[in-house]
1. Would you work out the charge dipole size for segment 51-206 about its Cα centre, treating the Cβ of every Lys and Arg as +1 and the Cβ of every Asp and Glu as -1, and quote it to the nearest 20 debye?
2. Only Lys, Arg, Asp and Glu count, each charged at its Cβ (+1, +1, -1, -1), so figure out the dipole size of the chain about its Cα centre, rounded to 20 debye.
3. Whose amide H sits under 5 Å from the amide H of Ala397, counting only residues 5 or more places off or on another chain, with H placed in the peptide plane?
4. Can you give me the pair-distance distribution of the chain, C-alpha pairs, 10 Å bins, whole percents?
5. Expected output is a single nm value to one decimal: the length gained when fully extending between Asp147 and Thr457, i.e. 0.36 nm times separation in residues minus the C-alpha distance. What is it?
6. With respect to the cross-link table entries Lys27/Lys452; Lys170/Lys329; Lys170/Lys286, which display a Cα-Cα separation exceeding 25 Å?
7. Quick one: Cα convex hull volume of segment 270-415, Å³ per residue?
8. What distance in nm separates the two pseudo spin-label positions at Lys406 and Asp275, each 7 Å out from Cα along the beta-carbon direction?
Amino acid sequence: MTEYDLVIRGGTVVTAADTVRCDVGVKGGRIVALTEGLDTADEVIDASGKLVLPGGVDSHVHIDEPPFYGVKDAGEFGTDTTAAACGGTTTVIPFVRQDRECSLRTAIQDYHAKAGGRAVIDYAFHIILLDPTDQVLGQEMPALIEDGYTSYKVFMTYDGIAINDGEILKVLEAAKTHGAIVMVHAESDHCIRHLAAKLDAAGATSLENYQRMAPQPVEREATHRAITLAEIVDVPILLVHVSAAEAMEQIRWARNRGLKVYGETCPQYLFLTDDHIAQPGWEGAKYLCAPPPRDTANQELLWRALARGVFQVLSSDHCSSLFEGPDGKTAHGPDPHFRHVPPGVPGIEARLPLMFSEGVGKKRIDLNTFVAVTATNPAKIYGLYPRKGTIAVGADADLAIWDPEKDVTISVDMLHENLDFTPYEGFEVKGWPVAVISRGEIVVRDGVVLAKPGRGTFLACERADLTPPVGTAVAS
Ligand code: DUC
Ligand code: ZN
Ligand code: ZN
């Protein structure tokens, strides 16, 4: 019997803290050795000239959710976890969306049925709270937290999805009592309704008007309000999909006051702008998400905030509506109307290559920060660390071996997302994972998917680990 099932030899191993030349020895799905000169393995991967990174943790993805704006997801757990793996991600955390008057347990069972037998990488679940009754918060939530569902998302906007401030306070109190982390979609519903009604009345309904319905103050106000509610309850929160400087400034302000307020941004806010959505006809629907992407000046401010630790998490917020057809973003015709396009863009596969190329390659963030925001921090915040999100003895052998010189032009044809478009069509990136390993098994090699559907397993999350360096104060 050989000492190791797999040895990755001669690569540069990178974690959120260190960059070292060493081999990685894997046995029984876990990392068991990190040292030079490992041999005697059943399988050896030569990683010389390559980077060995923790597999990515994409902690904000929407997979196989109920229809949104009347449009259902084209992706399911098989397609979307395959796409994730091809882009170097080895753990995803999708959402369970509670239906009104339905128990959380029932909703969770439905999602287990969707994921089991299909997922090719490991997954946990967040829960979207639409109906935070006393029964849900007092009875179901505590039991679910013990079972590994420790993160809950609330919305401050959308018909039938938003909850009010009083309900958010109750959710935060329950999270504090039982030890959950609350994710907040922060956009002011009243402001959006007011602005949308004015635009409608003026007949300004083409897609170029979308960002006029939700300008930065709409996000800034809700972000500040969410921070205030969390401060009053004295509980950590995480603001998801932060799009721009004004909301980001609220997070920095809060943290510098010692509040446990964390932030996530996404590729669409670093690579897309409102000009993409303002294109004539339906074209802009490919880029339409909520909050809207802003302008290039904001992109640079978000990059700087990522580099300085204002944001802890960089996730895809992957949504998988098609562009064309009866289940597409363009389904509610005949004319494009900014209120009728389901918001959300795909990105589960391109997330890491885009960030590696434009972030590390262009020296906007260093390699360790790349690992921190795309793998280690989300694993810590959502209670999966150190099993996931790092390279350490005892951790799961979830690894992505990157060729930092590989040139790829992103196009819908080479992605695995089961969609008819990508907002990143034609983007040229340098660097792509050439082998992706999940619990010691090579799931993707040189672009070939080797994983069997259903090999991915459910991960029960612990409570958040918010110890430094997650969320230390940030320089202005
Ligand atoms: N919020 C998300 O988190 N994702 C897509 C759309 C939205 O509003
Ligand atoms: Zn959201
Ligand atoms: Zn989302």
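1. That gives a dipole near 220 debye.
2. 960
3. Arg30, Ile31, Arg439, Gly440
4. Here the calculated profile for the chain is 4, 21, 32, 27, 12, 3, 0, 0.
5. Values: separation 310, 0.36 × 310 = 111.60 nm, distance 1.47 nm.
So the chain would gain 110.1 nm between Asp147 and Thr457.
6. Where the Cα-Cα span goes over 25 Å, the pairs concerned are Lys170/Lys329; Lys170/Lys286.
7. Cα convex hull per residue, to the nearest whole number: 141 Å³.
8. Distance between label points: 3.1 nm.
The values are calculated or read from the model by the stated rules, or taken from the named source; none is laboratory data. It should be emphasised that the depicted structure is a prediction, and the values quoted were computed from it without experimental measurement. Note: ideal-geometry Cβ built from the backbone for every residue, glycine included; neighbour counts use all protein chains shown. Only protein heavy atoms, including side chains, enter the accessible area calculation; ligands, DNA and RNA are left aside. Shrake-Rupley method; radii C 1.70, N 1.55, O 1.52, S 1.80 Å.
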